[in-house]
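The structure appears below as structure tokens.
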Amino acid sequence: TDLRHIPVVSIDPPGCKDIDDALHCVRLPNGNYEVGVHIADVSHFVHPESPLDKEAAHRSTSTYLVQRRLDMLPGYLTTELCSLRSKEDHLAFSVIWEVDEDANIIDAKFFKSCIHSVASMTYDEAQAILDAGCPVETGEENISTTTKVELSVHFLNKIAKILRQKRI
């Protein structure tokens, strides 16, 4: 499914090279939210039962040590081919939920997709957007990509707070 029209962003630690997930959130005309999580589609490059698949299964995960890490998959695959860097099209596996104002799931869809991340943000950059306050929702389709990203970060934060409160 072509999702390149949706302003998808990643939020990771500074210097992150293997951006494996990205997000988006928009308000729907009915007042609900569309929340998307997009995971890099490694399966496009790593085929079942291939030597690479078997070695990755043997390693089972990337291991992070103080001065280095032991990758489950080759670095070129994780930092280049499958890294959801901004300003590039990428293959992903996406889940899109429709949630109401109380973060109750109304609908969920799972599918392979093509996305175009518009920003690779650090935690501090996302926090700065939250600290600056939420831009006014105009309902116009012609709002800037920057404003769409800011709204997305605010909506995601709002939903995360509701979900966190429900868990407590």
Worksheet item: Summing -39500 (n - 2.57) over the DSSP H runs of n ≥ 4 in the chain and dividing by its residue number, what mean residue ellipticity at 222 nm do you reach, to the nearest 500 deg cm²/dmol?
Response: -8000 deg cm²/dmol
Item to complete: Whole Å is fine, so just give me how far the alpha carbon centre of segment 1-27 lies from that of segment 106-168.
Response: 10 Å
Item to complete: Output the DSSP H helices from the chain with an along-axis C-alpha extent of no less than 27 Å and a mean Kyte-Doolittle hydropathy no less than 0.0.
Response: none
Worksheet item: Can you pull the Rg over Rh of the chain, Cα-only, Kirkwood?
Response: 1.00
Practice prompt. Kindly report the accessible area of the chain per residue (heavy atoms of protein chains, probe 1.4 Å, no ligands, DNA or RNA), in Å².
Written response: 60 Å²
Discussion item. Through the Karplus equation 6.51 cos²θ - 1.76 cosθ + 1.60, θ set to phi - 60°, convert the phi angles of segment 66-83 into ³J(HN,Hα) values in whole Hz; use x for Gly and Pro.
Written reply: 4, 9, 7, 9, 10, 7, 6, 10, x, x, 4, 5, 7, 9, 10, 5, 10, 7
Worksheet item: Of all accessible surface on the chain at a 1.4 Å probe, what whole percent is carbon and sulfur?
Response: 56 percent
Worksheet item: Given H placed on each backbone N at 1.01 Å, which residues far from Ser83 in sequence or on other chains put an amide H within less than 5 Å of it?
Response: none
Fill in: J(HN,Hα) series, segment 10-26, from Karplus relation 6.51 cos²θ - 1.76 cosθ + 1.60, nearest Hz, glycine and proline x
10, 9, 9, x, x, x, 5, 9, 10, 7, 9, 9, 9, 9, 7, 8, 10
Discussion item. Testing the spin-label approximation: label points 7 Å from Cα along Cα→Cβ at Ile106 and Asp2. State their distance in nm.
Written reply: 2.6 nm
Practice prompt. List the relative contact order of the chain as a percent without decimals, with contacts defined as Cα pairs under 8 Å and 6+ residues apart.
Written response: 31 percent
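The values are calculated or read from the model by the stated rules, or taken from the named source; none is laboratory data. All figures in this text were calculated on a predicted structure; none of them were measured in a lab. Positions of Cβ are generated from backbone atoms using ideal geometry, with glycine treated the same way; all protein chains shown enter the neighbour counts. The protein model used for the area step is the full one, side chains on, heavy atoms only, and it has no ligands, DNA or RNA in it. Shrake-Rupley method; radii C 1.70, N 1.55, O 1.52, S 1.80 Å.
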